[in-house]
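Asks: Got a structure for you, questions after.
The values are calculated or read from the model by the stated rules, or taken from the named source; none is laboratory data. Because the structure is predicted, anything quoted here is derived from the model rather than measured. FYI the Cβ positions are ideal-geometry reconstructions off the backbone, even for glycines, and counts take in every protein chain you see.
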Amino acid sequence: MPKLTYTVPPTYDGDTLQNFLRKDCGLSWRMVVKLKRVDGGMTADGIPLRSIDRVYTGQQVELTMPEDDVRIEGMDMPLDIVYEDADLLVVDKPPYLAVHPSAGKPEPTLANGVVAHFEKMGQSLSFRPVNRLDRNTSGLLLAAKNPHAAFALARKPHKEYLALVLGRLEGEGIIRRPIRVKEGCCITREVGEGGKDSVTHWAALATDGEVSLVRLWLETGRTHQIRVHMAWLGHPLAGDTMYGTDQTVMQRHGLHCCLLSLRHPMTGEELRFQSPLPGDMAAVAAAHGLLK
């Protein structure tokens, strides 16, 4: 079973183990509870401890992480792995590939492929995506390889997107409009009162009047946020038939997660990953003279 090791700093001298784990190490309460159930799951200098026991400056606290309960079947498929270590996995997801299995859709998903990848490495790990991408959205996706990393990374990675939108869009701006589920629908969203606060930053990079290339980044992470906000702005994504009508410029909505940056949850190292436009978006951008 994987292990994590921490050194108790002077600020937690004489404090309880659970306070040290929760406040300094960033473990979730759920993880602390799980560690209590693992034989020898929490030790200090090799001596088993309870969560209420005291820890002291300089002690080496070692945690034996519980085994994952893998529930998704592995299915072998090619994966474009950008980065991997003991805690993180970054994959460049192609379009037309769902991230997770869904009811009534037996198609292979990224989750199946990642679990199969872990199995090849002799690891029984669950798939824990930190950011999620629509089936037809391409680009960088971050997954945590253990519950602690997943908890530590929640809402912290910075992501940027490239989008192809319809019409002439120039300059830059911020869209602050609430997003709600559209009445009578279970998937489609819309801007409207009573929705969740949603903030999208955008900067136009190039346009030929018919199509524009736009860079976007989010303060919030609502379902379909970029697609909904750009449609509200009057510039729906090329190829987006849910929030627009076009399927001539592209056969899928033109959205790609091009940048992912984060602080590693265990080492503190600053990590930054980039992904170029995929072939279909690059071809459209080139045809409209949007690439320099």
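Asks: Could we say that Leu169 is surrounded by 14 or more Cβ atoms within 10 Å (Cβ to Cβ), out of contact with any helix residue (DSSP H, G or I) (no Cβ under 7 Å at 6 or more places or on another chain), part of a loop (DSSP other than H, G, I, E, B) and on the phi < 0 side of the Ramachandran plot here?
Replies: Working: surrounded by 14 or more Cβ atoms within 10 Å (Cβ to Cβ): yes; out of contact with any helix residue (DSSP H, G or I) (no Cβ under 7 Å at 6 or more places or on another chain): yes; part of a loop (DSSP other than H, G, I, E, B): yes; on the phi < 0 side of the Ramachandran plot: yes.
For Leu169, the condition - surrounded by 14 or more Cβ atoms within 10 Å (Cβ to Cβ), out of contact with any helix residue (DSSP H, G or I) (no Cβ under 7 Å at 6 or more places or on another chain), part of a loop (DSSP other than H, G, I, E, B) and on the phi < 0 side of the Ramachandran plot - is met.
Asks: Among the β-branched types (Val, Ile, Thr), part of a loop (DSSP other than H, G, I, E, B) and not assigned by TED's automatic domain parsing to the domain that holds Asp15, is that true of Val99?
Replies: Considered against the rule, which asks whether it is among the β-branched types (Val, Ile, Thr), part of a loop (DSSP other than H, G, I, E, B) and not assigned by TED's automatic domain parsing to the domain that holds Asp15, Val99 comes out as yes.
Asks: For the range 1-94, give me every one of the strands (runs of 3 or more DSSP E) that falls completely inside it and has 1 or more residues that are on the phi < 0 side of the Ramachandran plot, surrounded by fewer than 15 Cβ atoms within 10 Å (Cβ to Cβ) and not basic (Lys, Arg). Explain how you work it out, then say what you get.
Replies: Working: elements: 3-7, 42-44, 60-64, 81-84, 88-93.
Hits in the range 1-94: 3-7, 60-64, 81-84.
Asks: Do we find that Val130 is at pLDDT below 95 and among the β-branched types (Val, Ile, Thr) in this structure? Break it down into steps so the answer makes sense when it comes.
Replies: Details: at pLDDT below 95: yes; among the β-branched types (Val, Ile, Thr): yes.
So Val130 passes the test.
Asks: Being surrounded by 14 or more Cβ atoms within 10 Å (Cβ to Cβ) and farther than 12 Å from Arg132 by Cα is the filter; apply it to the range 98-108 and report the residue that is modelled with the lowest pLDDT.
Replies: Result: Pro101.
Asks: Just to check your reading of the model, which residue among Trp217, Trp202 is crowded, with 17+ Cβ neighbours inside 10 Å, farther than 21 Å from Ala283 by Cβ and touching a residue at least 12 places away in the same chain (Cβ under 8 Å)?
Replies: Selected residue: Trp202, the only one of Trp217, Trp202 that is crowded, with 17+ Cβ neighbours inside 10 Å, farther than 21 Å from Ala283 by Cβ and touching a residue at least 12 places away in the same chain (Cβ under 8 Å).
Asks: Of all residues in the range 247-273, count the ones that are without any contact (Cβ under 8 Å) to a residue 40 or more places away in the chain and of a type outside the set (Asp, Glu).
Replies: Selection size over the range 247-273: 6.
Asks: Suppose we filter His235, His229 for residues that are in contact with a Lys or Arg (Cβ under 7 Å, 6 or more places away or on another chain) and either at pLDDT 95 or above or part of a loop (DSSP other than H, G, I, E, B) (or both); which single one remains?
Replies: When all the criteria are applied, what remains is His229.
Asks: Would you pick out the residues in the range 172-185 that are touching a residue at least 24 places away in the same chain (Cβ under 8 Å), crowded, with 16+ Cβ neighbours inside 10 Å and charged (D, E, K, R)?
Replies: Arg177
Asks: Please specify each residue of the range 228-256 satisfying the condition of being within 26 Å of Pro178 (Cβ to Cβ) and surrounded by fewer than 22 Cβ atoms within 10 Å (Cβ to Cβ). Give the steps one after another, and end with the answer.
Replies: Residues of the range 228-256 within 26 Å of Pro178 (Cβ to Cβ): 228-246, 253-256.
If the condition is that a residue be within 26 Å of Pro178 (Cβ to Cβ) and surrounded by fewer than 22 Cβ atoms within 10 Å (Cβ to Cβ), then Ala231, Trp232, Leu233, Gly234, Thr241, Met242, Tyr243, Gly244, Thr245, Asp246 are the ones that fit.
Asks: Checking Ala282 against (1) closer than 19 Å to Asp92 by Cβ; (2) part of a loop (DSSP other than H, G, I, E, B): exactly one of these is not met. Which one?
Replies: The one condition Ala282 does not meet is (2).
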